[in-house]
1. Please name all residue pairs, on different chains or six or more residues apart, with Cβ atoms under 8 Å, provided the first residue is in segment 245-256 and is more than 20 Å from Ala169 (Cβ to Cβ) and assigned by TED's automatic domain parsing to the domain that holds Leu223 and the second residue is loosely packed, with under 13 Cβ neighbours inside 10 Å and polar (S, T, N, Q).
2. Can Asp106 be described as surrounded by 14 or more Cβ atoms within 10 Å (Cβ to Cβ), of a type in the set (Asp, Glu) and either farther than 18 Å from Lys149 by Cβ or in contact with a Gly (Cβ under 9 Å, 6 or more places away or on another chain) (or both)?
3. Residues that are within 30 Å of Val19 (Cα to Cα): list the helices (runs of 4 or more DSSP H) wholly contained in segment 206-309 that include at least 1 such residues.
4. Hey, among the residues in segment 131-144 that are in contact (Cβ under 8 Å) with a residue 40 or more places away in the chain and part of a helix (DSSP H, G or I), which one's surrounded by the fewest Cβ atoms within 10 Å (Cβ to Cβ)?
5. Name every residue in segment 148-183 that is outside any loop (DSSP other than H, G, I, E, B), over 13 Å from Glu264 (Cα atoms) and not aliphatic (A, V, I, L, M), in order of residue number.
6. Filter segment 30-67 down to residues that are among the hydroxyl-bearing types (Ser, Thr, Tyr) and within 20 Å of Phe99 (Cβ to Cβ) and give me whichever is surrounded by the most Cβ atoms within 10 Å (Cβ to Cβ).
7. From the list Glu57, Glu53, which residue is in the same structural domain as Gly30 (by TED's automatic domain parsing), at pLDDT below 95 and assigned to a loop (DSSP other than H, G, I, E, B)?
8. Just checking, how many residues over segment 2-36 are under 26 Å from the mean Cα position of the chain (by Cα) and in contact (Cβ under 8 Å) with a residue 24 or more places away in the chain?
Amino acid sequence: MKLIADFLDGDRIDGQFLVASMNRCSSNAGRPYLNLILQDSSGTIPAKKWDVEQDDERILAGGNVVSISGDVLDYKGALQFKILSVRELDQSLIDVYRFALPCPVDPKLLEKHLDELLSSFKEGDLKKLVTGIIADHRKAYVSYPAAVKNHHNCLGGLMYHSLRMADLAEEICRLYDDLDRDLLVAGCILHDLGKTIELSGPVATKYTLSGRLLGHIAIGDALLAEKIDELGLKDEKVTLLRHMVLSHHGKPEFGAAVRPEIREAFALSMIDDFDAKMDIISKALEGLKTGEWSQRIMAMDESYFYKHK
């Protein structure tokens, strides 16, 4: 079966795809249609089904794997899938992980690096907190994506994003040696811990009720506060770490609960923003030839990016 990454304008496709998301919409004429994102292990593609039949919304519900026939079309310079027909599959016979976006790095290597970082902390309350809370949430931490879409939305993307940030923090601390290395690395590892509850799981990820109503920043701080009480920790650094989680989006208009008010919190917000945006740009350049421009990237102030030699 041809993978999404290899689709070309004009292709007629008949294959199985994961429905990453589906919404019912209305045309200007008031006719219902379905707006979807289809996914396989190579990527995603926006799709539409214009002739909505009685069972389509149930069959094409987000998280289902469905047999779909349709045409690949170029719409304003980007490929889109026009669904002509759908066939329901027995979900109990489907391995949905076949349709998940793989992590760019072997998850086993990432887990080994995570353990190396955890063992590198100096003994004390900060180490007890970080190692203890990762142990509590490890299964989700190592398998969940970092987002529903946009950046690091792959299997293990949460761990991948967090450890890339930790590696970047180590380099920054070599240049700015008055930064608290353990505190900054701990912030990188735990800044998005709340996503283990904000998000539904590793595949066909969506926001949970808690995720929508509370958000990962508030959830992450609550998890830290609970663990601090459980362990009876008193060191100032555990409070500083909570501040870093609460402020890692930088500004209230970007979702931060408070603004960064220590150097490590400011550095964390910059590292997080940098790594997320570099991943967004890299995705936009995937599949382009040298000399081509990306589509407009909404998350990058609607900028275009050029793929050079």
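The values are calculated or read from the model by the stated rules, or taken from the named source; none is laboratory data. The shown structure was predicted, so the numbers you read here are calculated from the model rather than taken from an experiment. Positions of Cβ are backbone-derived with ideal geometry, glycine not excepted, and every protein chain shown enters the neighbour counts.
1. Listed pairs, sorted by first residue: none to list.
2. Answer is no for this residue.
3. Where helices (runs of 4 or more DSSP H) fall fully within segment 206-309 and carry at least 1 residues being within 30 Å of Val19 (Cα to Cα), they are 209-213, 215-231, 263-285.
4. Gly132
5. Within segment 148-183, Gly157, Tyr160, His161, Ser162, Arg164, Asp167, Glu171, Arg174 meet the criteria.
6. Ranking the candidates gives Thr44 first.
7. Glu53
8. 16
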